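Working notes, structure below.
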Amino acid sequence: MKARLAIRLLTMLAGCGLLISPSVCYGWSEIAHCTIGELTGTGAGYNNLPDFWGSTRDFAGIPYSISPYFCWAHEYKITADKGYRLRRMYEPTLNMSLGAEDDCPSHYFDILIGKMDLTHVTDSVRRTIRGWRAHNAADQVVHYTLFPAPLAGANAYQVSQIWLRHRNIEEAVEKFVYVEVLFDGHEELAFDKRGRVVGYNFIGGVACGDADSDRFLMLAQKAFRKKQATVDTVEMWGLDMQTANQIRSLREAKVNKMRHLFNFTIDDYHKALQDYHDIVDIWPNFFNRAVTAVRALP
């Protein structure tokens with residue numbers, strides 16, 4: 001199956017140049033991350049782990065501020081000014097693949113592993129680390145280069161529209177990945193006679209961790225906080241540690257969401273092709289780059 005997907009990717013990418021448009025922004029959602037995990041052997045479910053935490057929240061009266069947990073989970077910092085969060089994505093300031101920076105979250109993974117009793121370094125913990133880094137390596141290809149950062153003076157409505165377009169494009173790309181990668185572009189295989197999604201065997205109900213990984217992530221937050229590492233460039237905002245039970249609730253919510261991913265129809269797929277025609281010729285190149293970035297991880 002992996003060989004078939006790889007062949008399909010190469011076919012799609014033949015003659016497709018690198019087209020970067022500053023007017024578009026998108027990323028990978030659950031189906032794409034699962035597929036990247038399957039292609040690279042990093043785990044379909046575990047590749048979704050950093051997305052346990054939501055992207056935005058209202059902070060200091062500023063709507064659509066980037067969540068500090070999302071910042072921590074995705075290993076890059078928000079730009080802040082005078083204590084207020086600007087409504088924009090972070091700049092890539094950390095070496096995610098190696099965790100080389102002192103306050104890079106996954107750097108604390110390595111520190112923890114070195115201090116833990118080996119009996120507690122379970123397969124789930126190792127898969128958590130691998131999936132975390134794979135997720136962020138794949139995200140770096142798109143989020144950090146294509147997201148059009150709103151200006152600090154943008155009003156709440158303007159920011160909400162940017163986030164809405166971002167999410168809509170992510171959902172469109174999910175449909176493209178489902179049909180074009182998982183089914184080699186064969187709509188008759190991807191949908192049943194009524195036009196409903198047939199699903200795919202390694203997506204839906206997959207594990208995104210367990211009690212061991214919940215505890216490990218709690219300790220990673222604790223280590224990050226103890227070091228007084230911050231989630232912004234002016235080093236004002238820290239991270240409030242969550243309990244293992246809180247992280248478990250986030251994990252269970254993600255698993256439940258992944259059980260219901262295949263809720264679109266062939267008409268939805270066709271509409272996505274029409275509405276986001278400017279993305280159709282661009283996303284395969286970035287998908288291939290994401291797969292390459294994950295495979296290059298040590």
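Exactly one condition in (1) more than 17 Å from the chain's Cα centre (by Cα); (2) part of a loop (DSSP other than H, G, I, E, B); (3) at pLDDT 80 or above is not met by F224; state its number.
(2) is the only condition that F224 fails.
If we keep just the residues of segment 28-49 that are touching a residue at least 40 places away in the same chain (Cβ under 8 Å), of a type in the set (G, A, S) and outside any helix (DSSP H, G or I), which is farthest from R289 (Cα to Cα)?
Step by step, filter segment 28-49, then rank; the result is G45.
With the requirement that a residue be assigned to a loop (DSSP other than H, G, I, E, B) and closer than 23 Å to N288 by Cα, what does segment 181-203 give you?
F183, D184, G185, H186, G199, Y200, N201, F202, I203, listed by residue number.
Restricting to segment 176-221, name every residue that is surrounded by fewer than 19 Cβ atoms within 10 Å (Cβ to Cβ), at pLDDT below 90 and among the aliphatic types (A, V, I, L, M).
If the condition is that a residue be surrounded by fewer than 19 Cβ atoms within 10 Å (Cβ to Cβ), at pLDDT below 90 and among the aliphatic types (A, V, I, L, M), then A207 is the only one that fits.
Suppose we filter segment 121-156 for residues that are in a helix (DSSP H, G or I) and modelled with pLDDT under 85; how many remain?
Of the residues in segment 121-156, the ones in a helix (DSSP H, G or I) are 123-146, 156.
Next, only the ones that are modelled with pLDDT under 85 stay: 140-146, 156.
Summing the residues that are in a helix (DSSP H, G or I) and modelled with pLDDT under 85 in segment 121-156 gives 8.
Enumerate the pairs (first residue in segment 274-298 and within 15 Å of G27 (Cβ to Cβ); second residue anywhere and assigned to a helix (DSSP H, G or I) and basic (K, R)) with beta-carbon separation below 9 Å, excluding pairs fewer than 6 apart on the same chain, so at least 6 apart or on different chains.
V294/R133
The values are calculated or read from the model by the stated rules, or taken from the named source; none is laboratory data. Here the structure is a predicted model, which is why all the values come from computation and not from measurement. Positions of Cβ are backbone-derived with ideal geometry, glycine not excepted, and every protein chain shown enters the neighbour counts.
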